[in-house]
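The values are calculated or read from the model by the stated rules, or taken from the named source; none is laboratory data. None of these values were measured; they are calculated from a predicted model. Glycine gets a Cβ as well: all are built from the backbone with ideal geometry, and neighbour counts include every protein chain shown.
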């Protein structure tokens, strides 16, 4: 996706100043952002990369960078990543694809190196952004993609406040036409933000495997 995006930007005779992606386990986000991060590390461009995760499963913004299992059954090899603990069960949300206790090791390492700026938004904030996008573009984003939309809108508003022009690239990674009930609930004021339980995270992190 990132390589294709680079080609598309070339066709547009432009290059992104900011790259924004939704982040759950990291595969979607890495596919978009890693080619641009590579170009930055080679000194070719200076691009800001933003990872947007759900506030009720904030592995990058609230998790611990440590060795942990990649699954709840503790069957995988240990990997060093940002984690909320493999036994942590995130609260229910419509962005099911982003409900994962950990983060891809390479994404985690790049956050530690300062190459990725992580941020988190609530479910209702993201659906509000999705509605704004749908009204402007005629495309209903998937709940997961709404996180990237929210991140892109936030970056655009920052440009407006600072009086600068920046090219912002984000990945609309899915449509929401199978999620219309979620949008119906949002418009009816029934969509709730379920905060993650800090005590449950603390318990899960207390159970992290011991690594010598």
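Structure above, values below:
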read-out: Near pairs, Cβ below 9 angstrom, 6+ apart or cross-chain, from the range 84-111 (on the phi > 0 side of the Ramachandran plot) to any residue that is assigned to a helix (DSSP H, G or I) and surrounded by fewer than 24 Cβ atoms within 10 Å (Cβ to Cβ); value: 85/200; 85/201; 85/202; 85/203; 85/204; 85/205; 85/206
read-out: Residue within the range 90-100 that is surrounded by 14 or more Cβ atoms within 10 Å (Cβ to Cβ), over 14 Å from the mean Cα position of the chain (by Cα), closer than 21 Å to residue 26 by Cβ and modelled with pLDDT of 95 or more present; value: no
read-out: Boolean, residue 155 is modelled with pLDDT of 95 or more, surrounded by fewer than 17 Cβ atoms within 10 Å (Cβ to Cβ) and not in a loop (DSSP other than H, G, I, E, B); value: no
read-out: Residue list for the range 23-55, restricted to those being at pLDDT 95 or above, in a helix (DSSP H, G or I) and over 9 Å from the mean Cα position of the chain (by Cα); value: 30, 31, 32, 33, 34, 35, 36, 37, 38, 39, 40, 41
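Yes or no, residue by residue, for (1) free of Cβ contacts under 8 Å to residues at least 12 places away in the same chain; (2) outside any helix (DSSP H, G or I); (3) under 20 Å from the mean Cα position of the chain (by Cα):
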site: 10; (1), (2), (3): yes, no, no
site: 16; (1), (2), (3): no, yes, yes
site: 57; (1), (2), (3): no, yes, yes
site: 61; (1), (2), (3): no, no, yes
